[in-house]
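Asks: Before anything else, here's the structure in question.
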Amino acid sequence: MEPPMEPSGGEQEPGAVRLLDLPWEDVLLPHVLNRVPLCQLLRLQRVSRAFRALVQLHLAGLRRFDAAQVGLQIPRAALARLLRDAEGLQELALAPCHEWLSDEDLVPVLARNPQLRSVALGGCGQLSRRALGALAEGCPRLQRLSLAHCDWVDGLALRGLADRCPALEELDLTACRQLKDEAIVYLAQRRGAGLRSLSLAVNANVGDAAVQELARNCPELQHLDLTGCLRVGSDGVRTLAEYCPALRSLRVRHCHHVAESSLSRLRKRGVDIDVEPPLHQALVLLQDMAGFAPFVNLQV
């Protein structure tokens, strides 16, 4: 694409080359604008009509958009302008828009970007089942999805996601408190074979039935976060140890019904667990109380 002509505003030395004289698609877009932070590009487009056209061309070809690069808060109109021409996005993160992002804002973006593979909507509480349905229906390559703290996510919404996202590998359902065992069981049965990372943290409705079904259907599961899942107990953890050979990390803090006996098998395999063994906890407590590290013969 040839850069549009624009008055230089002054005399130009013979032989001098302005930035905009360089080839846009061969030089400026891949080698210059790709290295400039998004917030700086937004300032750059205010310089002139030519720079605005250059930045818009860059935005149209974005593969990754993270609203956090623009700022902690981004107005609705600004987001619409930034993404109006984007049709090749593979990664989309919209957490800074959580206070106002609605289905009407998100669904058109999803419709224009069917090749999305990673979407982060953590905390976006104004969305609904409609947005998740559009994502599941229109983005068949989706691999990573964060719905953390989205209270509107219920069992029906999760079923639609499980039915239509065959490539799903990583799913964050932290604090999606409407979800119960039945929804997680359905997810495990439909998409368990490909799941590698799953967070069900801070959900008191999730119990051993869901964890055991995940274990039996997710042989490639590497990371599982059950923090604060008060109904999860030792039976679920034992099933994980039996059926999940790829497990690398397990989060069970505040799972008061999980005993050390069920965790010991995973510890021996080198699984990273976020709670210390009871003996280690006792030694740390004793050290805090006594002010020194006591010698303990662990072979006794």
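The values are calculated or read from the model by the stated rules, or taken from the named source; none is laboratory data. Fair warning: this is a prediction, and the values are worked out from it, not measured in the lab. Cβ: placed from backbone, ideal geometry, glycine included. Neighbour counts: every protein chain shown. Side chains included, ligands, DNA and RNA excluded: accessible areas come from the protein's heavy atoms. Shrake-Rupley method; radii C 1.70, N 1.55, O 1.52, S 1.80 Å.
Asks: Closer than 23 Å to His149 by Cβ and either at pLDDT below 95 or of a type in the set (Asp, Glu) (or both): does that describe Asp272?
Replies: Working: closer than 23 Å to His149 by Cβ: no; either at pLDDT below 95 or of a type in the set (Asp, Glu) (or both): yes.
In short, no.
Asks: Here is a check on your reading of the model: is Thr239 part of a loop (DSSP other than H, G, I, E, B) and of a type in the set (S, T, N, Q)? Even if it seems obvious, please write down each step before you answer.
Replies: Working: part of a loop (DSSP other than H, G, I, E, B): no; of a type in the set (S, T, N, Q): yes.
Judged against the criteria, Thr239 is not a match.
Asks: If you go through segment 220-234, how many residues are open to solvent by 30 Å² or more (accessible area, probe 1.4 Å), farther than 16 Å from Glu170 by Cβ and either among the hydroxyl-bearing types (Ser, Thr, Tyr) or part of a loop (DSSP other than H, G, I, E, B) (or both)?
Replies: Total meeting the criteria: 2.
Asks: Continuing with the same structure: Within segment 141-178, how many residues turn out to be in contact with a helix residue (DSSP H, G or I) (Cβ under 6 Å, 6 or more places away or on another chain) and either outside the structural domain of Asp225 (by the TED database) or not in a helix (DSSP H, G or I) (or both)? So that I can check it myself, show each step before the final result.
Replies: In the first step, residues of segment 141-178 are kept if they are in contact with a helix residue (DSSP H, G or I) (Cβ under 6 Å, 6 or more places away or on another chain); the result is 155, 157-162, 164-165, 168-169.
Now narrow it down to the ones that are either outside the structural domain of Asp225 (by the TED database) or not in a helix (DSSP H, G or I) (or both): 165, 168-169.
So the count comes out to 3.
Asks: Does segment 100-109 contain any residue that is in the same structural domain as Val211 (by the TED database), modelled with pLDDT of 95 or more, in a helix (DSSP H, G or I) and open to solvent by 40 Å² or more (accessible area, probe 1.4 Å)?
Replies: Yes, that holds for at least one residue.
Asks: Quick test for you: out of Arg238, Arg251, pick the one residue that is within 19 Å of Thr174 (Cβ to Cβ), assigned by the TED database to the domain that holds Leu173 and in contact with a Ser or Thr (Cβ under 7 Å, 6 or more places away or on another chain). Don't jump to the end; show me each part of the working.
Replies: Details: Arg238 fails: within 19 Å of Thr174 (Cβ to Cβ).
Of the residues listed, the single one that is within 19 Å of Thr174 (Cβ to Cβ), assigned by the TED database to the domain that holds Leu173 and in contact with a Ser or Thr (Cβ under 7 Å, 6 or more places away or on another chain) is Arg251.
Asks: Out of Ala78, Ala86, I need the residue that is modelled with pLDDT under 95, in contact with a Lys or Arg (Cβ under 8 Å, 6 or more places away or on another chain) and open to solvent by less than 40 Å² (accessible area, probe 1.4 Å). Which one? Outline the logic, then answer.
Replies: Values: Ala78 fails: in contact with a Lys or Arg (Cβ under 8 Å, 6 or more places away or on another chain).
Residue meeting the stated conditions: Ala86.
Asks: Answer with yes or no whether Asp181 is surrounded by 22 or more Cβ atoms within 10 Å (Cβ to Cβ), of a type in the set (D, E, K, R) and under 21 Å from Cys255 (Cβ atoms). Walk me through it before giving the result.
Replies: On the way: surrounded by 22 or more Cβ atoms within 10 Å (Cβ to Cβ): no; of a type in the set (D, E, K, R): yes; under 21 Å from Cys255 (Cβ atoms): yes.
For Asp181, the condition - surrounded by 22 or more Cβ atoms within 10 Å (Cβ to Cβ), of a type in the set (D, E, K, R) and under 21 Å from Cys255 (Cβ atoms) - is not met.
Asks: Could you grab the pairs with beta carbons closer than 8 Å, sequence gap of 6+ or different chains, first residue in segment 40-54 and not assigned by the TED database to the domain that holds Asp85, second one outside any helix (DSSP H, G or I) and open to solvent by 90 Å² or more (accessible area, probe 1.4 Å)?
Replies: Hits for this filter: Arg52/Arg46.
Asks: Name the residues in segment 166-182 that are of a type outside the set (Asp, Glu) and out of contact with any Lys or Arg (no Cβ under 7 Å at 6 or more places or on another chain), would you?
Replies: The initial filter retains those residues of segment 166-182 that are of a type outside the set (Asp, Glu), namely 166-168, 171, 173-180.
Correct list: Pro166, Leu171, Leu173, Thr174, Ala175, Cys176, Arg177, Gln178, Leu179, Lys180.
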